[in-house]
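Written out below as structure tokens is the structure these notes cover.
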């Protein structure tokens, strides 16, 4: 007789004790009951084919989502009606499923009988099999036979035979496929499907769950398509791992391949911004975050199986437990499972003793590639005195395959609850029927993935790798340093020498924590070296209102596009101004002022203000502003500083420190060996010397001679801060 | 010996009992202590002259704000350090005040020694006098003398002699002046200043507090400059009323002139959107709301002195108390005064018994003009099944003087926590130094106050009254009906026949509560009659992303302005399309879909999509979209319907009901007597007949013959709803 696949009787009893309590698990159960009951008040419906993102699609998705809840809630609460709901709905599916033909294929994805792509049908099978396993013991033989013969077996046949070529491949969709098939096999007592899912159809390293988890992630645990796609795969990955843990203990799945499961969960969580949202690395949603149900499963599973091992091996930061608890606090929910109960209890215990704050994950560099040597993604975090966390993200790793943005050396920056240097995100309205069924829109390629849409430098109005995915997949960034040990300065630097023809690029970004500043300063040095004369656009995607500049600019009386291709055709040229020495652009984003000062080593710099929306015949783009510093020459070094300052509240009519303290930025030295910049603030002179020597290490001596002055230092960089004025007198002014 | 002006010893004792409790008052005291102590940790500073909105301005404002808190907190908590803070700061002011010269005058406002306009110096004096009255008994004779002779007396002299001509005028600024002077007079034992403030310098009806409160407000309590300016005046109005209540009981201030104080507080609150924000009637902030400190004082005072009288006299709605409590819930704070204690106790009592929801004020028409016959402002509210309140606002009253927008018959619409048909608000960044010191910007006149910036009809690309303030002040809207008794339909209608040359205009707006719809439908009939051929732009200010239309449109390959004057010079023409019969425009604003269908009785209608930002040389405008239906002819009737539907959540990748149910809108009849429109939905046909007869009443018979069909009804309007399809089948589809 089929038993619940993921829960033992004893675990169910433990969960039952949480009903009605105020623990995270108690609240989860209550919220799930409420949602389920609201859905159960609607008439049962198993609709036929419909539009992508439309009612039919959503209904099937809701059906499996609520069957999955109802199965477990039946066990936990012993409410018969929940089991009945699953059985009634399954009976309708059994009656109708084989009467539905396969969808007409509209893109490269194979189609199912319920959904326009089998990916969704995998989801349906995984969740429904779990639900079935919870209620099967209450079903008659006849009821079970109908479900097995008229749904499950035809689906298994479809996935492993009809679409067998596509079944167990090394791809995030493949994880859904094997999890669904393996779990269904267990549910109907055909363990051969479980074996097939775990070891692959061919029982070698080319397919199946073990091959997938061995090969999909870099040694750091990073998934090359980025956190948005990672979090989509993490749910079947975790659910199936837990199934294997229980039903194939011989694999010792949680210790498999150096704890790859725990490692990759940790890597996913380590990318999140302080508010729990994932940076939109590659063409991703801007709003996906750790509250996603899959990430809830992952955090719960991690707590149970890896919770006591500390922070992924790092000796520096012991904060893991509080960070996991901080994530649970944002999630305000746990996986309704024994793993979630472990987290719920840990949270209860911890909050009785102390305040659990928002997570403050340590800075981390996540390497890319099967051996971890295809570059990396860098995440640096710094906390200011108020507790606010600034996070800097730089991409110097691999191209994210079909979802990849062409933005190697691109950065994003986040603080005070908002992304400041912003990622546009994908061009797509997920599940919105009138917007192409929620699929990717043309502008995803023509704008969102182009280099100019990012906080990077675009050369000659071209995209990196000429927007050639295959070419981009074959190259990667070259890490130079990632140093996050000091409190006053944390920084990273990398090269990208294969992304524009005959051009070497290096970007070095730092956060500085200086006395007298409210928030970290962001320092950025972007160095380019090419043959012949080129145009470099050093662009910054911001949000909000321009408050002031230190140069004259002219707004256009009619708007034209800034260029004709590689994303430039979507940019209106709004205003331009000649930059004298350093250009200052200050803006207000919600309650915070930001002041940017930038310069380049070439003369004749120009600041261009743009806005997206040109050549957008179906209003698919959001109207968003950006500015760029345009410089021309054989080589150039851009240097900029971004200050976060002040406070504005329109409702309470408050404005404080609208101008900030940074006064100027200058490049004072630039050789093959190093770059030296100075930043002048109201009270200090900051000198930063950065190594440009690929292959340098912490012992490498550097020397830059410039204008009769010699700068020398050892290692990757050196920072000097000289006070120029008494801070006390400034504060008292 | 000076005693606290606003608190008796017994009241202080009552307040003391709240310290450390979780009541609204307890929380208020705790929050105030925390804020005050944070400020007290800074060095004391009394700076000299500075930029408007700058450090010096803010510091003086903070100084009086925190002295005002410290005075009362000293009494309540008996912490000597709070009194000492006031005394120390006053001593520095006494030393420095007369050494400051008057500011250099930069606009028409007289300047003070601390601030660039005496309005702010009035604020300083009012709050500081109150603070002084709380601590004077702990000061030495010498300390008191210094403060009185070197600050208070020179200020009183400045306000009543040097600027005597400007002292007690009938203007919202005048209330600050008389409150400051009257309270200071009491504080230093010179009651003549109190008399002067209450009765005016000339002791006739031309000045002073009693004349002000008698003449500034319409009988409805509405203040013609709108809620934003009203809430600014409400604070000194309430504070001074309470002072008069205590020190001149013979005036019986709370019953004065038909309870004008309570009446005008009630009117202010009755304008607020369901989330507590004030509609930006006239050139106001979009974010000002009832959490403003002045409104907190007003709500507390109202609770104490008018709380038991029911809803401003209306017999229909007994909900006042819960609405006031709902406001207190949003404010999460009370006035730190005996009045606030009354509210805090009422709230405590009520919440022990029942859930206090958000306020749901009844629909209300607030008349304008000294006799209430200069038109009105209409506010209609309707609650949907989920409890969400939709609010419709129409301006058919007076021009708001110097702050007036040229938008008679303009509407705004709010639901699901957001303004849907939007008001741009003023063009100004309050207190932001680099943005012209936070003052009004040029674009306030050239764009924000123009008719085209509103949800109205602009004729021939001209502003109403040719943007002539004096002309606009001399005319007003003509109310036709305001009917809010029925559950299924609530509506209002008005004429504006003096706002465009030789043109009569009538707008009739309705909210419909129909079975099968998630939210009310907004129906709008805008009728214009003029001589000769004209162009009418029926414009809609929205926010968010266009999702679909039912007509082809062409986006521009280069952007030009839509016109050259009256605000059109600031609009980029983004796209245009020919409308066939009814035009459908659907957009997504945050989590909600909106679908608008509009038509006019002329052929050759065109939909134009615009975006603000042209001719904006200093980035003073926000970039915001709008669309308009353009129609040409001698006369026209625009009719539109706006449906609120569905749900979108990008984070959770949910989209429900993205298309809505309204299919078409048609004008089927249009005569001098009435207008008849039909709205076709997925399940019904809605017919609405509206009276166009000025002076009609509820008994007036109306008949419209059209295309061989006769529509007849009695009274202002008639609604018929016919089901055309079974709703059950639709829901099950």
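Quick note: the coordinates plus some simple rules give every number you see, no bench work behind them. Given the structure is predicted, the values throughout are model-derived calculations rather than measurements. Heads up, the Cβs are rebuilt from the backbone with ideal geometry, glycines too, and the neighbour counts pull from every protein chain shown.
If neighbour count is taken as other Cβ atoms inside 10 Å, put A:539, A:344 in order from fewest to most.
Working: A:539 23, A:344 26.
If I rank by nearby Cβ atoms, fewest first, I get A:539, A:344.
At 25 °C and a viscosity of 0.890 mPa s, what translational diffusion coefficient does Stokes-Einstein give for the protein assembly as shown, taking Rh as the Kirkwood radius over Cα pairs? Give it in µm²/s as a whole number. The partial results should precede the final answer.
Details: Rh = 35.3 Å.
Diffusion coefficient, whole number: 70 µm²/s.
Angle check, please: helix B:227-247 long axis (alpha carbons) against the longest principal axis of chain B (alpha carbons), in degrees 0 to 90, nearest 10.
Once rounded, the angle reads 40 degrees.
What average count of beta carbons from other chains do you get within 10 Å of the Cβ of residues in B:646-655?
Per residue, the average neighbour count from other chains is 6.
On average, how many beta carbons from a partner chain sit within 10 Å of the beta carbon of a residue in B:432-441? Write out the running numbers ahead of the final one.
Working: counts 10, 6, 10, 7, 0, 0, 3, 0, 0, 0.
Going residue by residue through B:432-441 and averaging, the value is 4.
Return the distance in nm (one decimal) between the two label points of a simple spin-label model at residue B:470 and residue A:554, each offset 7 Å from Cα along Cα→Cβ.
Each label point is offset 7 Å from its Cα along the Cβ direction, giving 3.9 nm.
Using 7 Å Cα-to-Cβ label points, what is the residue A:693/residue A:654 separation (nm, one decimal)?
About 5.1 nm, to one decimal.
With axes computed from alpha carbons, what is the tilt in degrees of helix B:320-331 against the longest principal axis of chain B, rounded to the nearest 10 within 0 to 90?
It works out to around 70 degrees.
Quick one: with label points 7 Å out along Cα→Cβ, list the inter-copy distances for residue B:715 in nm, shortest first?
8.3
At residue B:62, label 7 Å along Cα→Cβ: distances to the other copies, nm, ascending?
5.2
Can you grab the distance from the C-alpha centre of the range A:487-565 to the C-alpha centre of the range B:473-492, Å, no decimals?
Rounded to whole Å, the Cα centres lie 55 Å apart.
What is the order of A:297, B:656, fewest Cβ neighbours within 10 Å to most?
Details: A:297 24, B:656 15.
Fewest-to-most Cβ neighbours within 10 Å comes out as B:656, A:297.
Can you work out which chain B residue has the shortest Cβ-to-axis distance for the rotation that carries B onto A, and give it in Å?
Measuring from each Cβ to the axis, the minimum is at B:559, 2.
List B:101, A:407, A:384 from most exposed to least, where exposure is judged by having the fewest other Cβ atoms within 10 Å. Write out the running numbers ahead of the final one.
On the way: B:101 10, A:407 27, A:384 16.
Lowest count first: B:101, A:384, A:407.
Put a point 7 Å out from Cα along the line to Cβ at residue A:581; what are the distances to that point in the other copies, in nm, shortest first?
6.8
To the nearest 500 deg cm²/dmol, what mean residue ellipticity at 222 nm is calculated for chain A from DSSP H runs of n ≥ 4 alone, each contributing -39,500 (n - 2.57), summed and divided by the residues? Don't skip to the end; give the middle numbers.
Values: 17 runs with 216 residues, N = 733.
Calculated at 222 nm, the ellipticity per residue is -9500 deg cm²/dmol.
Compute for the range B:82-198: radius of gyration divided by Kirkwood radius, i.e. Rg/Rh, restricted to C-alpha atoms, rounded to two decimals.
Values: Rg = 13.7 Å, Rh = 14.3 Å.
Radius of gyration over Kirkwood radius for the range B:82-198 works out to 0.96.
So if I restrict to the alpha-carbon atoms in chain A, what is the Rg, and what is Dmax, the biggest pairwise distance, in Å?
Looking at chain A, its Cα Rg and Dmax stand at 27.5, 92 Å.
Taking beta carbons within 10 Å but only from partner chains, what does the mean come to for residues A:614-620? Show your work: numbers first, answer last.
Working: counts 6, 2, 4, 4, 7, 12, 2.
Neighbouring Cβ atoms belonging to other protein chains average 5 per residue here.
Which distance in Å, rounded to a whole number, links the C-alpha centroids of the range A:225-303 and the range A:103-120?
If we compute the Cα centre of each part, the gap is 26 Å.
Mind pulling the angle between the C-alpha long axis of helix B:338-353 and the longest principal axis of chain B? Nearest 10 degrees, somewhere in 0 to 90.
50
Over all distinct Cα pairs, what is the inverse of the mean 1/r for the range B:198-334, reported as the Kirkwood hydrodynamic radius in Å?
Working: mean 1/r = 0.0654 Å⁻¹.
Computed over the range B:198-334, the radius equals 15.3 Å.
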